[in-house]
Structure formats: structure tokens, C-alpha cells
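Single-structure report; data block below.
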Amino acid sequence: MCGIIGKIGPDAGRFVVEGLKALEYRGYDSSGIAFVDSGSVKILKGVGTIDKIVREPPLTDAAIGHTRWATHGGVTDFNAHPHSDCTGKYAVAHNGIIENYADLKSELMNAGHRFRSETDSEVIVHLFEDAVRRGVSYMDALTYTVSKIRGQYALAILTADGHILAARNGAPFLFAKDGDALYVSSDPVPLLFAPDVYRLVDGSLLHLYPGGYELRGSARRVTGISARRVDLGKYRHYMEKEIFEQPRALAETLRYLQTLQRPEISGRVHLVAAGTSYHAALYGEYLLRMQGFDARAFIASEYLYWRGQEPDVLIAISQSGETEDLLSILRNGVSSEVVAITNTPGSTIEEYARDVVYTRAGPEVGVAATKTYTTQLTVLAWLAGIEGLDQLPEAVSQVLKNTSLIEDLSKRVASARSVYFLGRGLHLVTAKEGALKLKEISYIHAEAYPAGESKHGPISLIEDGFPVFFSVGPSVYTETASNVEEMRARGAWTVSVSPNPLGPEDVHIAVPSIPEVLLPVVEIVPLQLLAYNAAVLRGNNPDRPRNLAKSVTVK
Ligand code: F6R
């Protein structure tokens with residue numbers, strides 16, 4: 001959720017400031033940088049993004065930075081990271097949660113330590129300070145610090161003589177080497193340029209110093225990170241760019257799948273994921289069942305409460321590969337074989353997987369998932385043995401060629417208080433994803449419902465002009481047309497997304513006529529654009545929706 005970045009080497013201040021910008025999609029309540037300046041650690045931090053806090057990057061050879069998504073303590077300047085110890089010689093940036101911080105904090109305060117924030121993280125730097133004061137080495141001080149804290153963390157401590165100490169337990173953390181320069185990051189994106197990138201294995205400790213490093217524990221080399229530059233190009237926002245990148249993302253995913261042997265799937269199959277990835281899981285469930293598998297999709301945070309039989313195969317879907325609700329299931333040791341689908345090579349999910357299948361969407365910066373969703377659907381269709389996937393890039397490209405109708409509709413949706421998304425069968429997946437997209441970036445209330453079920457309750461909300469979007473395919477034209485009629489009879493403004501018009505709807509958005517089983521990959525695209533346009537019209541930044549973070553690494 002939060003992001004950490006650090007460097008030892010020339011122009012470290014600039015690297016950290018730029019890196020923080022690249023990490024802002026992880027969290028952006030507050031941000032800060034700690035850097036070495038004339039033998040002491042200076043900290044600049046506060047509420048807001050880094051460009052509001054640091055005008056000119058500091059000239060330094062060692063720095064760490066942090067971008068925050070608040071967990072413990074409100075969004076205030078004091079609670080922003082990095083946090084300093086009492087002597088001003090050390091500073092910590094932390095992601096995750098320290099469960100026993102309250103006890104540690106009172107012990108440390110009784111021993112005379114002064115705390116400046118309400119965060120759980122600040123205990124780390126005071127523990128480190130204590131240990132170094134006893135005369136132990138930095139590495140031993142780090143060992144002591146992590147032996148005292150309980151919970152989940154990735155942390156980096158900067159020392160006044162320009163060293164960085166790092167540790168991880170249950171939260172992602174990487175380091176990289178490029179010549180003599182050394183880097184740490186909670187996310188692969190700012191390290192795309194480096195030839196050697198490693199992911200710290202849980203429980204490992206790292207000491208970086210000018211000219212080298214010491215690792216206690218282990219690290220895995222990360223391969224397959226896309227080296228493609230992540231810039232906006234001609235687009236206004238990353239989300240817009242990522243929507244338009246879908247034909248290429250799909251084509252690259254398909255090319256990659258051609259080189260891959262399909263993982264073996266048999267017996268009882270559970271698909272587990274959160275948010276948008278859960279919608280992909282629902283699609284996977286549908287397709288696998290269609291192909292005769294005993295498949296069932298679950299929301300990751302609900303899987304804990306499943307009282308039925310264990311699966312033989314667990315398909316874990318996560319674009320980031322770091323979603324804690326999902327990882328906690330895998331960490332608790334499912335007896336089944338895990339097939340992971342992720343967009344992030346080197347992410348934690350890989351540690352638990354028998355097979356990993358990547359979506360080759362390239363880094364997704366917009367908080368709302370778009371190209372990772374359509375590529376997840378494609379991977380799932382491939383896993384289920386569905387034919388005809390090569391039509392997808394062109395079909396999506398067709399939808400993206402003519403967006404003026406969607407732009408028009410967005411104006412009406414932008415002023416709505418509430419919107420329904422309805423679908424039947426396979427198309428209900430699209431309705432759910434369409435509603436989530438609109439809700440999360442435009443902040444308009446949106447709800448998805450099975451079209452047929454809508455008359456059993458939700459229809460009572462319908463009044464004049466209430467927007468209702470239907471996703472529809474040939475197998476459900478007739479039944480869905482009746483639902484459109486029912487809604488219109490009560491004043492709803494109805495829009496269908498389908499290859500052919502149903503007849504009674506007010507507006508029809510045409511999508512190419514491809515095999516129905518593949519339509520969800522295509523029919524979501526106009527709804528992504530609808531959500532994007534509505535958010536922009538309402539003055540929201542779709543790349544950074546309030547209260548959300550790209551990678552949700554807490555429960
Ligand atoms: C929606 C969205 C979230 C994520 C969810 C799971 O646009 O981005 O709902 O889909 O947090 O994230 P991953 O796929 O990284 O596990």
C-alpha cells in the first residue's frame with residue numbers, strides 16, 4: 001500500500017524523489033524523504049505528494065523515501081514517513097503493520113525515548129537506535145530490531161554515515177545493483193532500468209553500504225520485469241493510456257501464452273482473488289464449469305470462512321501479486337496445488353505457486369485495473385482451453401476506434417446519483433466490473449445485479465432518467481430485452497452494450513460480434529471508458545481515487 005524507495009550512489013536525492021513519483025500509485029496520503037547531509041540525516045515530509053514537499057531534490061549520496069497510505073495514525077505531517085530516532089542519526093520508512101507497537105512504544109518511552117508520531121512504525125527506529133547505542137554492528141542492530149517487532153513489514157533505515165538497512169516479513173521488498181550504485185524499493189517499477197534486481201525473501205536482512213552489501217538470509221533474482229518506460233505519452237492519465245493499450249497488452253499476452261504449456265488442472269478447482277481480479281475469477285469459474293471442471297470462485301477475504309471441501313487446485317489471481325487478503329490464504333498453507341496468475345514478475349505470490357502464468361499487460365499505474373483485467377480474462381480463457389482468443393486484440397481495437405458515443409453518455413452519467421449495471425449469465429461479470437470501475441473513480445454509487453433478479457427489489461429505486469446499463473450477448477437477448485422493457489416502463493434510461501441492439505433500449509453501444517464466451521473481454525472496454533470520462537468530468541483524478549491504493553498489502 002505504501003511505497004519505499006532508497007539509493008546509495010550519485011544523485012540519490014533525485015532518484016528517490018523521482019522514484020516516489022513512480023510509486024505514488026501505491027499510496028499518496030503523505031510522503032517524505034530522508035537524506036544524508038553533512039554527516040546527519042535530514043528529513044523533509046508532510047501531507048501530500050512529494051512534489052509539494054520537495055521543490056529541488058537534495059544533493060546527497062544516500063537517501064530513502066516513502067509514500068504513505070495511512071493505517072495507524074491520521075494523515076498528518078508528523079505521521080508521514082520517514083521517522084527519526086531521538087539522536088537524528090537514523091530514519092525509517094516502513095510498509096505494513098507492527099502489531100505489538102503499543103507495548104514497545106510504552107517500553108521505549110519509559111526508557112526515555114521521545115516519539116513524535118502516532119504511527120506504529122516509529123518504534124522501529126528507536127529500537128535500532130537503542131541497539132546501536134549498545135555498540136553492536138548495524139546488521140546486529142537490525143537483527144535485534146526485527147526480533148522485537150511482530151507483524152508484517154518492509155522497512156528501510158537510513159544512517160547518518162550513508163548506509164541503508166532493510167528487512168522484510170510479509171510485505172514486498174526488492175533491491176538492485178547497477179555498477180556501484182545500490183537501490184531498494186518496495187515495488188519493481190522504479191527499478192526497471194537496473195540489470196540486477198533481487199527480491200528479498202521473507203525474514204531476510206540486508207545491509208547496503210557505499211561499495212557493497214551484506215545479505216543475511218536470501219534473495220531471488222527477478223527476471224521478466226518489463227523494461228518498458230512508464231510514461232504518459234499523449235494521454236491525460238495513466239488509466240486512459242492503459243485502456244487504450246489493451247489491444248497491445250492482449251496481443252503480448254497471447255504471444256506469451258503460445259510459448260507456455262498449460263498448467264495441469266483437475267479435480268476440485270477454487271479461484272480466489274479480490275476486487276477486479278475476483279471478477280476475473282468469476283469469469284474463470286464460468287468457463288471452467290462450461291468445460292466440465294468442478295470450479296468455484298471466492299472473494300479472498302471470505303475464503304477463510306469456507307466450510308466445504310478443500311480444492312485440489314487453487315487458482316490465485318492478483319495483478320500485483322501482493323494482495324494480503326490473498327497471500328494470507330497461501331501463507332496459511334492450502335493443501336492444494338497453486339496456479340498463480342499475476343502481472344508482476346517477482347511478486348510474493350510466486351513463492352507459493354506450483355505454476356505461475358503472467359498477464360503480459362506491462363506495468364499498470366492507474367489505481368483502477370483495466371488492461372490487467374482483460375488480460376486476466378484472456379489467461380483464464382486459455383487455461384480453460386477456449387479457442388479463438390486471437391480475435392481479441394482486433395475486437396478491442398474496434399471498440400476503441402469510435403469512442404464519441406461513450407463520451408456523450410459519460411456526460412449524462414457524470415451527473416447521476418446512482419447507476420445500475422445489469423447482466424445475465426456470463427455477462428453479469430461485466431456488469432459487476434463496470435459498476436466497480438464507475439464507483440471507485442467517479443464516486444457515483446453503482447450497483448451490479450443479475451438482470452432477471454433486478455425486478456425482485458432493486459427496481460424500486462428506478463425513477464425518471466435513472467441510468468441502467470445492460471451487458472448482453474446473443475444467448476440472453478430475449479430475456480434481457482424484457483428486463484430493459486421493465487426498466488423503461490418505470491422511467492429508466494437504458495443503455496445496452498452488445499453486438500446487436502436488443503430493440504427496446506434507449507442507446508446501444510455496439511461491440512464486435514465474436515464468440516459469446518469471449519465477449520466479456522470486449523464488452524467491459526466501453527464501461528471502463530465510461531467510468532474514466534465520468535471521473536474526469538467530475539474533476540476527479542482517475543489515477544488516484546481517494547482512499548484507494550493500487551496494491552493492498554494489509555488485511
Ligand atoms: C479495482 C482494483 C482493485 C483490485 C484489488 C485486487 O480496479 O484495482 O479492486 O483489483 O485490490 O488487486 P490485485 O489484483 O493486485 O490482487
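Just to verify a number: FRET efficiency for E99 and L260, C-beta to C-beta distance, R0 = 35 Å, to 0.05?
0.30
Kirkwood analysis of the chain, using all unique Cα-Cα pairs, places the hydrodynamic radius at 24.5 Å. Between N169 and Y153, A154, G203, the built amide H atoms are under 5 Å apart, and every one of these is 5 or more places off in sequence or on another chain. Per-residue Karplus couplings for segment 237-249, computed as 6.51 cos²θ - 1.76 cosθ + 1.60 with θ equal to phi - 60°, are listed in order as 9, 4, 4, 4, 4, 5, 5, 6, 7, 4, x, 5, 4 Hz, Gly and Pro entered as x. If a spin label sat at a point 7 angstrom from the Cα of R236 along the line to its beta carbon, the backbone N atoms of segment 527-544 nearer than 11 Å would be those of 532-542.
In order along segment 402-414, the Karplus-derived 3J(HN,Hα) couplings, from 6.51 cos²θ - 1.76 cosθ + 1.60 at θ = phi - 60°, round to 10, 10, 5, 4, 5, 4, 4, 5, 4, 4, 5, 5, 4 Hz, and Gly and Pro are given as x.
What order do you get for 58-65, 538-545 when each peptide is scored by the mean count of other beta carbon atoms within 10 Å, highest first?
Details: 58-65: 24.6, 538-545: 18.1.
So the peptides 58-65, 538-545, ranked by packing, come out 58-65, 538-545.
Note on S106/K21: beta-carbon distance plugged into 1/(1 + (r/R0)^6) with R0 of 41 Å gives a FRET efficiency of 0.65. Take each peptide in 94-104, 321-331, count the other Cβ atoms within 10 Å of every residue, and average; sorted highest first, the result is 321-331, 94-104.
Legend: distances between Cα atoms for K411/K432; K234/K401; K21/K437; K7/K439; K411/K439; K21/K439; pairs beyond 27 Å are K7/K439. The residue among V419, L288, L380 whose Cα reaches farthest toward the positive pole of the charge dipole of the chain, with charges on the beta-carbon of Lys, Arg, Asp and Glu, is V419. Beta-bridge orientation, the chain: approximately 60 percent antiparallel, per DSSP, counting only bridges with both partners inside. Take 274-283, 512-521, 79-88, 208-217 and order them by the average number of nearby Cβ atoms within 10 Å per residue, most first; the result is 274-283, 79-88, 512-521, 208-217.
In the chain, the DSSP-assigned H stretches of four residues or longer account for a calculated mean residue ellipticity at 222 nm of -10000 deg cm²/dmol, using -39500 (n - 2.57) per stretch and the full residue count as denominator.
Taking the Cα centre of the chain as origin and assigning +1 to Lys and Arg Cβ atoms and -1 to Asp and Glu Cβ atoms, the resulting dipole is close to 660 debye.
Using Cβ point charges alone (K and R +1, D and E -1), the dipole size of segment 156-307 about the Cα centre works out to roughly 420 debye.
Dividing the mean sequence gap of close Cα pairs (under 8 Å, 6+ apart) by how many residues segment 401-540 holds gives a relative contact order of 30 percent.
The length gained on full extension between R150 and S335, counted as 0.36 nm times the residue separation minus their Cα-Cα distance, comes to 64.0 nm. If you plug the beta carbon distance of K401 and E351 into 1/(1 + (r/R0)^6) with R0 = 56 Å, you get a FRET efficiency near 0.85. Subtracting the Cα-Cα distance of Q291 and A489 from 0.36 nm times their residue separation leaves 67.4 nm of extension gain. Between F115 and T76, residue separation times 0.36 nm minus the direct Cα-Cα distance comes to 12.6 nm.
Bear in mind that the values in this text are calculations on the coordinates, not laboratory data. What you see is a predicted model, and the numbers here were worked out from it, not measured in a lab. Cβ atoms come from the backbone with ideal geometry, glycine included; neighbour counts cover every protein chain shown.
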